[in-house]
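Notes follow once the structure below has been shown.
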Amino acid sequence: MSLTIPVNENDHIVGDPNTAKIVLVEYGDYECAHCGDAFPIVKKFVDENIKEVAFVFRNFPLKDAHPNAMAAAVTAEAASKQGKFWEMHDLIFQNHGSVDKESLEELVKTVGLDDDILNEDIKSDELQKKIEEDFESGVRSGVNGTPSFFVNGEKWEGYDGTEASLSSLLSN
(Lines give C-alpha, C1' and ligand atoms only; values in the text may rest on other atoms or scores of the structure.)
Protein backbone atom coordinates (compact mmCIF):
# COMPACT_ATOMS: atom_id res chain seq x y z
CA MET A 1 0.00 0.00 0.00
CA SER A 2 1.03 3.58 -0.60
CA LEU A 3 0.51 6.77 1.33
CA THR A 4 -2.69 8.32 0.02
CA ILE A 5 -1.61 11.75 1.28
CA PRO A 6 2.03 12.50 0.45
CA VAL A 7 4.25 14.18 3.02
CA ASN A 8 3.34 17.86 3.01
CA GLU A 9 3.53 21.16 4.89
CA ASN A 10 0.85 20.05 7.38
CA ASP A 11 3.08 17.23 8.67
CA HIS A 12 5.49 17.30 11.60
CA ILE A 13 8.87 16.63 10.01
CA VAL A 14 12.43 16.19 11.27
CA GLY A 15 14.98 16.46 8.49
CA ASP A 16 14.51 17.48 4.89
CA PRO A 17 12.17 15.22 2.92
CA ASN A 18 13.35 16.85 -0.32
CA THR A 19 16.95 15.72 0.07
CA ALA A 20 16.67 12.64 2.31
CA LYS A 21 17.39 9.19 0.92
CA ILE A 22 14.71 7.80 3.26
CA VAL A 23 11.46 9.51 4.23
CA LEU A 24 10.11 7.53 7.16
CA VAL A 25 6.47 8.16 8.10
CA GLU A 26 5.09 6.76 11.33
CA TYR A 27 1.42 6.51 12.16
CA GLY A 28 1.48 6.35 15.94
CA ASP A 29 -0.60 6.39 19.08
CA TYR A 30 0.88 8.07 22.16
CA GLU A 31 -0.62 5.49 24.51
CA CYS A 32 0.41 2.44 22.47
CA ALA A 33 3.05 0.34 24.22
CA HIS A 34 4.58 -0.75 20.89
CA CYS A 35 4.87 2.88 19.76
CA GLY A 36 6.48 3.73 23.09
CA ASP A 37 8.96 0.89 22.63
CA ALA A 38 9.71 2.01 19.06
CA PHE A 39 10.20 5.66 20.04
CA PRO A 40 13.81 5.53 21.34
CA ILE A 41 14.89 3.25 18.50
CA VAL A 42 13.37 5.47 15.80
CA LYS A 43 14.62 8.67 17.46
CA LYS A 44 18.20 7.35 17.67
CA PHE A 45 18.09 6.17 14.05
CA VAL A 46 16.78 9.53 12.82
CA ASP A 47 19.17 11.59 14.96
CA GLU A 48 22.20 9.55 13.83
CA ASN A 49 21.21 9.68 10.15
CA ILE A 50 19.60 13.12 9.88
CA LYS A 51 21.33 13.92 6.57
CA GLU A 52 19.91 10.78 4.97
CA VAL A 53 16.60 10.40 6.81
CA ALA A 54 13.54 12.60 7.20
CA PHE A 55 11.00 11.52 9.81
CA VAL A 56 7.30 12.34 9.81
CA PHE A 57 4.88 11.63 12.65
CA ARG A 58 1.15 11.34 12.00
CA ASN A 59 -1.46 10.81 14.68
CA PHE A 60 -3.32 7.52 14.75
CA PRO A 61 -5.00 7.45 18.17
CA LEU A 62 -6.74 4.12 18.78
CA LYS A 63 -9.39 5.61 21.05
CA ASP A 64 -11.19 2.36 21.82
CA ALA A 65 -8.03 0.64 23.06
CA HIS A 66 -6.31 3.71 24.50
CA PRO A 67 -8.66 6.14 26.26
CA ASN A 68 -6.02 8.87 26.69
CA ALA A 69 -4.50 8.68 23.21
CA MET A 70 -6.68 11.47 21.81
CA ALA A 71 -5.93 13.80 24.73
CA ALA A 72 -2.22 13.15 24.23
CA ALA A 73 -2.49 13.83 20.48
CA VAL A 74 -4.42 17.06 21.10
CA THR A 75 -1.80 18.15 23.65
CA ALA A 76 1.03 17.50 21.18
CA GLU A 77 -0.81 19.38 18.45
CA ALA A 78 -1.46 22.28 20.84
CA ALA A 79 2.25 22.31 21.67
CA SER A 80 2.90 22.56 17.94
CA LYS A 81 0.97 25.83 17.85
CA GLN A 82 3.59 27.15 20.30
CA GLY A 83 6.51 25.74 18.29
CA LYS A 84 7.13 22.83 20.65
CA PHE A 85 5.62 19.80 18.95
CA TRP A 86 8.74 17.65 19.00
CA GLU A 87 9.51 18.47 22.63
CA MET A 88 6.00 17.40 23.65
CA HIS A 89 5.99 14.39 21.30
CA ASP A 90 9.23 13.13 22.81
CA LEU A 91 8.17 13.71 26.41
CA ILE A 92 4.84 11.97 25.94
CA PHE A 93 6.57 8.93 24.47
CA GLN A 94 9.23 8.97 27.18
CA ASN A 95 6.33 8.78 29.67
CA HIS A 96 3.96 6.64 27.58
CA GLY A 97 3.26 4.24 30.42
CA SER A 98 1.45 6.98 32.33
CA VAL A 99 -0.49 9.03 29.80
CA ASP A 100 -3.43 10.55 31.64
CA LYS A 101 -4.82 14.02 32.28
CA GLU A 102 -2.56 14.72 35.25
CA SER A 103 0.63 13.52 33.56
CA LEU A 104 -0.18 15.53 30.43
CA GLU A 105 -0.63 18.64 32.59
CA GLU A 106 2.79 18.00 34.13
CA LEU A 107 4.36 17.60 30.69
CA VAL A 108 2.79 20.89 29.58
CA LYS A 109 4.57 22.56 32.51
CA THR A 110 7.83 20.78 31.73
CA VAL A 111 7.77 21.96 28.13
CA GLY A 112 6.89 25.49 29.27
CA LEU A 113 3.73 26.00 27.27
CA ASP A 114 1.51 29.02 27.87
CA ASP A 115 -1.55 27.54 29.63
CA ASP A 116 -3.98 30.19 28.38
CA ILE A 117 -2.99 29.71 24.75
CA LEU A 118 -2.93 25.92 25.19
CA ASN A 119 -6.43 25.85 26.67
CA GLU A 120 -7.80 27.99 23.84
CA ASP A 121 -6.11 25.84 21.21
CA ILE A 122 -7.40 22.62 22.79
CA LYS A 123 -10.96 23.93 22.57
CA SER A 124 -10.62 24.77 18.87
CA ASP A 125 -11.82 22.44 16.15
CA GLU A 126 -8.56 22.93 14.25
CA LEU A 127 -6.53 20.43 16.29
CA GLN A 128 -9.26 17.81 16.28
CA LYS A 129 -9.54 18.22 12.51
CA LYS A 130 -5.76 17.77 12.04
CA ILE A 131 -5.78 14.56 14.10
CA GLU A 132 -8.82 13.23 12.25
CA GLU A 133 -7.17 14.01 8.90
CA ASP A 134 -4.01 12.15 9.99
CA PHE A 135 -6.12 9.19 11.13
CA GLU A 136 -8.20 9.11 7.96
CA SER A 137 -5.10 9.30 5.76
CA GLY A 138 -3.74 6.31 7.68
CA VAL A 139 -6.92 4.29 7.21
CA ARG A 140 -6.93 5.06 3.48
CA SER A 141 -3.25 4.05 3.31
CA GLY A 142 -3.89 0.65 4.90
CA VAL A 143 -2.90 1.38 8.50
CA ASN A 144 -4.65 -1.02 10.84
CA GLY A 145 -2.43 -0.82 13.92
CA THR A 146 0.35 1.15 15.51
CA PRO A 147 3.08 1.80 14.93
CA SER A 148 2.77 1.61 11.15
CA PHE A 149 5.61 2.80 8.97
CA PHE A 150 5.93 3.98 5.40
CA VAL A 151 9.25 4.33 3.61
CA ASN A 152 9.38 6.70 0.66
CA GLY A 153 5.62 6.51 0.36
CA GLU A 154 5.23 2.71 0.53
CA LYS A 155 3.99 0.71 3.52
CA TRP A 156 6.96 -0.95 5.21
CA GLU A 157 6.53 -4.15 7.19
CA GLY A 158 10.26 -4.51 7.89
CA TYR A 159 10.35 -2.93 11.35
CA ASP A 160 10.87 -5.70 13.88
CA GLY A 161 11.53 -3.63 16.99
CA THR A 162 15.28 -3.45 16.43
CA GLU A 163 17.66 -0.74 15.37
CA ALA A 164 19.06 -3.16 12.77
CA SER A 165 15.76 -3.25 10.92
CA LEU A 166 15.85 0.53 10.54
CA SER A 167 19.54 0.56 9.63
CA SER A 168 18.83 -1.90 6.83
CA LEU A 169 16.89 0.86 5.09
CA LEU A 170 20.09 2.79 4.46
CA SER A 171 21.96 -0.18 3.03
CA ASN A 172 19.41 -0.72 0.24
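Mean residue ellipticity at 222 nm, helices only, the chain: -15000 deg cm²/dmol; runs of at least 4 DSSP H residues each add -39,500 (n - 2.57), and the sum is divided by the number of residues. With all protein chains kept in place, the per residue accessible area of the chain amounts to 49 square angstrom at a probe of 1.4 angstrom. Fraction of C-alpha pairs exceeding 21 angstrom in the chain: 45 percent, rounded to a whole number. Computed over protein heavy atoms with a 1.4 Å probe, the carbon and sulfur contribution to the accessible area of the chain reaches 49%. Test of understanding: in a Gaussian network model of the chain with alpha carbons linked when under 10 Å, which of SER103, SER137, SER124 would top the mean-square fluctuation ranking? Between SER103, SER137, SER124, it is SER124 that shows the largest mean-square fluctuation. Comparing mean-square fluctuations of GLU133, GLU26, GLU77 from a GNM of the chain with C-alpha springs under 10 Å, the top value falls on GLU133.
Accessible area per residue was computed with a 1.4 Å probe on protein heavy atoms; ILE5 scores about 60 Å².
Here segment 103-172 was treated as a single set of alpha-carbon atoms; its pair distances binned every 10 Å from 0 give 15, 29, 26, 26, 3 percent. What the Kirkwood sum gives for segment 4-97 is a hydrodynamic radius of 13.6 Å, with every pair of different alpha carbons counted.
Considering segment 15-55 at the alpha-carbon level, its Rg and Dmax are found to be 10.9, 32 Å.
The values are calculated or read from the model by the stated rules, or taken from the named source; none is laboratory data. The structure presented is a predicted model; accordingly, all values stated were derived computationally and were not measured. Ligands, DNA and RNA are stripped out before the accessible areas are found, and what is left, the full protein with its side chains, is counted by its heavy atoms. Shrake-Rupley method; radii C 1.70, N 1.55, O 1.52, S 1.80 Å.
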